[in-house]
Structure formats: C-alpha cells, structure tokens
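J.: Pasting in a structure now, in structure tokens, and then I'll have a few things to ask.
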Amino acid sequence: MDHSFLSAFILLLLVLDPLGSLPVFISVLGTVPPERRTRIALRETAIALSILLAFMFAGQGFLTLMHLSERSLEVAGGVILLIIAIRMIFNVEGTTPDPEQPREPFVFPLAVPLLAGPSAMATVLLLASGQPELIMTWIGALALAMAVCGAVLLTANRLRDWLGASVVLAIEKLMGLVLSAIAIEMILAGLKRYFFEG
C-alpha cells in the first residue's frame, strides 16, 4: 500500500490518537505543577519523536536482521492497527497510570507508550521499509503529526473543557472507524503482494 505525505500524516495521526489520549494526558499532568506542564509536554513529545525516528531509520536493518519481508510486516502492521481501531471504536480501556503516583512523568507513560507506542513504531517501520526513497516525506509527516500531538498535550485541559467528553468520545470513534478501514487495506495489500507478486 503506497502512501503520500498527506495519507502518511493522517495515518500517523490516527495511530497516535492524541484526542483519544486526552483523559490520560489530563490525569498524568494533573499531578504536575502548572508552571512545569509546558516544559514536560514539549520534552515528552521530543522524546517520542526521537524514538519513532530511530525506528524509522533502523527499520530496514531490523527487517534484514530478523529475516522479515515487507509483506509480512504490512500484514502484521495492519493487524495491530485493526486492534487499535477496535479499541478506539468500542472504547476498550488500556493501561492507565496510577493517579496516586505523584512523580513527574519522564518517558513513561507519556512518551512511551502513549505517543511512541507499539502501533506507532510498527507504522513508521512500515512506511520507511515500504518506500525508503521517500524517507524525508515520512520524516516530515511524522514531525507534523507529532507537533499536533504536542499541541493537544499542551492544551489538554482546555480542549477537554471546550469540546466536552461526549464530543471527544465521538471523534475518537470516528477516527477508529477510519483507522479500521486503513488497517484492512494494509492487510489486503500485504496478502495480495504475498500471493500474487511473489
């Protein structure tokens, strides 16, 4: 399945799901002094971006080392995205941080796994290995998607109050529906390449 800058950006934004993570963002940052929230949000976003860029550049080497084909990665990535989409649509609760934990978040849980989670890692790996000649396009799409996530993280409380919980939930379900269609397309593309293109 070939992607353009726009389709890669939308795919990454759906996978990162910043609106769906709003409750966790609010919960984690609620224990942090207001004057430090901006710094922490920027730091965690930068860490997540660095991790995903590392996966993007090391992707082809990883596939070679593990003797994996792009077809198998495409099918596996599609399955992972489909699971994420189902969780978004049916509002399945994931692992959330302990609200009683007073420590300032560092890497976990904001950068990993909320922003740079397994599905995001699989997606950037798939983009880079599928069309390595467009690596700069994928870097740009990832940077823009992560900037959107950073903006949501910075304005988490205000967004929640402005949109309301029901609107946030409706948007997340709509994003889950779109992501499920993308996931099925990826699975079908991988199977087609395996059975009909050798």
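FYI, it's all coordinate maths here, none of it is from the lab. Source: prediction; values computed, not measured. Don't worry about glycine lacking a Cβ; one is built from the backbone with ideal geometry, like all the others, and counts go over all protein chains shown.
J.: Could you state the number of Å between the C-alpha centres of the range 142-198 and the range 33-58?
T.: 19
J.: While we're on this one: On C-alpha positions alone, give me the angle between the axis of helix 5-16 and the longest principal axis of the chain, in degrees, nearest 10.
T.: With both axes taken from Cα atoms, the answer is about 50 degrees.
J.: Taking the mean number of other Cβ atoms within 10 Å as a proxy for protection, how do you rank 169-176, 17-24 from highest to lowest? The partial results should precede the final answer.
T.: Working: 169-176: 16.9, 17-24: 21.5.
Listed from highest to lowest mean packing, they are 17-24, 169-176.
J.: Could you run the Debye sum over the Cα atoms of the chain, one equal point scatterer each and no solvent, and tell me log10 of I(q)/I(0) at q = 0.12, 0.19 Å⁻¹, two decimals?
T.: Log10 of I(q)/I(0), two decimals: -0.59, -1.35.
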